[in-house]
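Report on the structure given below.
Only the coordinates and a few stated rules stand behind these numbers; no lab work does. Since the model is a prediction, treat every value here as computed from it, not as a measurement. For neighbour counting, all protein chains shown are included, and Cβ atoms are generated from backbone atoms with ideal geometry for every residue, glycine included.
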Amino acid sequence: MIFLKPGILTSIQDIGRQGFQDKGVNPSGAMDTLSMRLLNILLGNKEEEAVVEFHNPSPTVRFEEYALFAIGGGNFNPALNNKAISPWKIQQAKPGDMLSFGKKEKGERGYIAVKGGFQIEDVLGSQSTNLKAGFGGLKIDKGSTLSLNLKNGQLYSASEKVKETPKTVNVKMRPPFELKQEIRVIAGKDLSCLDQASRDSVFSQCFIITTHADRMGYRLEGDRLNLKDGGEVISSSVAFGTIQLLPDGQVIILMADHQTSGGYPKVANVISVDLPLLAQLSVGQHITFREISTEVAESVFEKQEREINKFKSAVNLYS
Amino acid sequence: MEFEIHVLSDCSATLYFEQKISAEINDKVLATVAWIKVNPFQGLLEVVPAYASVTVYYDILLVKQNDFSVPTAFAFVEKYLSQIPFNKLEKPIYLNDIIEIPVSYNGEDLEFVLEQLNLERKELIELHSAPVYRVYMMGFLPGFAYLGGMNKVLALPRKTKPLLNVREGSVGIAGLQTGIYPVESPGGWQLIGQTEIQLFDLNTPKLSLLNPGDRVKFVSV
């Protein structure tokens, strides 16, 4: 496929680059890994197959080969040859077909997945684009091309099977989109270093996502949070979802392209299951934090994985 | 052995030693990482050293298979980490020679830095290139080493307005730290020099020229 319009910050992402943080290599990966995984499962791919992640303005793509593909993530009103198509559903394209997107309705990021995946070289075990380091995956520019792994013949037999599969991802499984989102967190090491009023305020106030929100992190605006004392901490590792308190009393949530380490107090960490919700929130949206225990966070995660596995079994029955 | 274990995220945990920057504590960190790599638990994805802490990232479902009696994956990891025989860990042996970094002391902030510190260029070069620095940890960018051991005389605050594009190979100072930008990046350190040496190379097995525990010396060219 060829990108006639690149969109903004369109890139190739998979589940991320693990195992090299001790060399300072940040993991990258899709922001909304749930959408990425569901689309891949739908297409019968391995869950972590690389997909195209895009934003608003969105890209316009012309297929150069036969393809089975699916669109998911936020709702960007996809169209094939200017005719609306359903997201979260397997679609077929032939050479010359044009995939475009309309007005963004919900969410912040969209995903294009193709059956069999894209021909992209693995760098350190991943196809994710590391924009900061300048390696891996592909940053999409105007005219960028992507070849598919599955060629016409293989796709033909695949498409025969597709007719039988549950061809759509159940609405209940997709990331929900609310104007005001509650995000569940577990307490961070330095939560107890906040003064009592600030500690209460973390979980009672409404934060706004500022314009400084991208793949590296979301800066939030809210009532100032204060530490009981100091605030200097020695740099240690951080994670996707770590909420750090900045010197100006505001917080930042680290996202997929976060640095590997941080020297700011760690107030809390967003639970894995809620990271895809966060990834779909836009500038200006409101969020509140609710603290849950590690035990609950793990059981919520296990429940999600059971649901995903059920879906996977349902798809596998037909492929 | 004093340490604390905290959850980082719902699938990572950090073991904190006494929170100070010292070679002795960083040695413990590296010895702990070495032990974990030799004695991993099922579900361990990654172990990462920092100045005075070690973080493990894990797969919740795989960890829980280790022991069905533990209530959470974190509880298992916490138990695993606290059972590490810290007092028997051997001090890491550093066989590597001192890694020399050739630097042209001609950074774009050099004049400003000399003025602020009231130093001659020759004095600054001497002060900056005399110590043997220790790599305490990696972070910020692929191949970026946090170096300790800079002369306090060179301490300067970082820029109030970070640069959008700091050139690859720029050598900077900020606070008590000095470091080298391995790739072009935004950055707020005062830039005093430039090196041609490649700090991160996908074509070498160790990827990063510098690694935790390494000793580093700057050489003026």
- [ ] Within a 10 angstrom radius of each residue's Cβ in B:140-147, how many Cβ atoms of other chains show up on average? Whole number is fine.
- [x] 6
- [ ] Find how many whole Å separate the alpha carbon centroid of region A:107-124 from the alpha carbon centroid of region B:2-24.
- [x] 35 Å
Open item on the list: Restricting to Cα pairs below 8 Å that are 6+ residues apart, what does the relative contact order work out to for chain B? Please round to a whole percent.
Closed with: 20 percent
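Show me the three semi-axes of the equivalent ellipsoid for region B:1-155, from the C-alpha gyration tensor (sqrt of 5 times each eigenvalue), largest first, rounded to whole Å. Kindly include the intermediate steps, with their values, before the conclusion.
Details: eigenvalues 321, 50, 36 Å².
Each semi-axis is the square root of five times an eigenvalue, giving 40, 16, 13 Å.
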TODO: Could you tell me the distance between the Cα centroids of region A:256-290 and region A:35-79, to the nearest Å?
DONE: 24 Å
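Could you work out the relative contact order of chain A? I mean the mean sequence separation of Cα pairs under 8 Å and 6+ apart, divided by the number of residues, in percent. Please report the intermediate quantities before stating the final value.
Details: 758 pairs, mean separation 65.2, N = 319.
Reported as a whole number, the value is 20 percent.
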Open item on the list: I want to check the label-to-label distance for A:Ser299 and B:Lys79. Put each point 7 Å from Cα in the C-beta direction and report it in nm to one decimal.
Closed with: 1.9 nm
Task: Inter-chain Cβ neighbour average for residues A:39-51, partner chain, 10 Å - done: 0
TODO: Can you check what the net charge comes to around A:Leu80, using other residues whose Cβ is under 13 Å from the Cβ of A:Leu80 (Lys, Arg +1; Asp, Glu -1)?
DONE: +3
Open item on the list: List the aspartates and glutamates whose Cα sits under 17 Å from the Cα of A:Lys103, skipping any in the same chain fewer than 8 residues away.
Closed with: A:Glu53
Open item on the list: Please list, ordered by chain and number, the residues whose modelled amide H lies under 5 Å from the amide H of A:Gly217; skip anything fewer than 5 residues away on the same chain.
Closed with: A:Met255
Task: Counted charge near B:Val183, where neighbours are those whose Cβ lies closer than 9 Å (Asp, Glu -1; Lys, Arg +1) - done: -1
Task: Likely footprinting exposure, A:Met173, A:Met1, fewest C-beta neighbours within 10 Å first - done: A:Met173, A:Met1
Task: Cα coordinate range in the protein assembly as shown, projected on the principal axes (Å, largest first) - done: 73, 53, 47
Task: Averaged over B:37-46, number of beta-carbon atoms from partner chains that fall within 10 Å - done: 1
TODO: At a Cα cut-off below 26 Å, give the lysines reachable from B:Lys122, other chains included and same-chain residues fewer than 8 away excluded.
DONE: B:Lys152, B:Lys159, B:Lys217
- [ ] Express the relative contact order of region B:4-88 as a whole percentage, based on alpha carbon pairs under 8 Å and six or more residues apart in sequence.
- [x] 31 percent
TODO: Give the calculated FRET efficiency between B:Asp59 and A:Ala314 to the nearest 0.05, with a Förster radius of 35 Å applied to their Cβ-Cβ distance.
DONE: 0.90
- [ ] Please tell me which of these pairs span more than 29 angstrom C-alpha to C-alpha: A:Lys46/A:Lys106; A:Lys89/A:Lys180; A:Lys46/A:Lys151; A:Lys312/B:Lys206; A:Lys266/B:Lys37?
- [x] A:Lys312/B:Lys206
Task: Under 5 Å, built H, 5+ apart or other chain: amide partners of A:Asp97 - done: A:Phe63
- [ ] Check cross-link reach from A:Lys228 to the aspartates and glutamates: straight Cα distance under 14 Å, and skip same-chain residues fewer than eight apart.
- [x] A:Asp190, A:Asp195, A:Asp200
Task: Overall form of region A:65-123 per C-alpha gyration tensor (a/c, 1.5; a/b vs b/c) - done: oblate
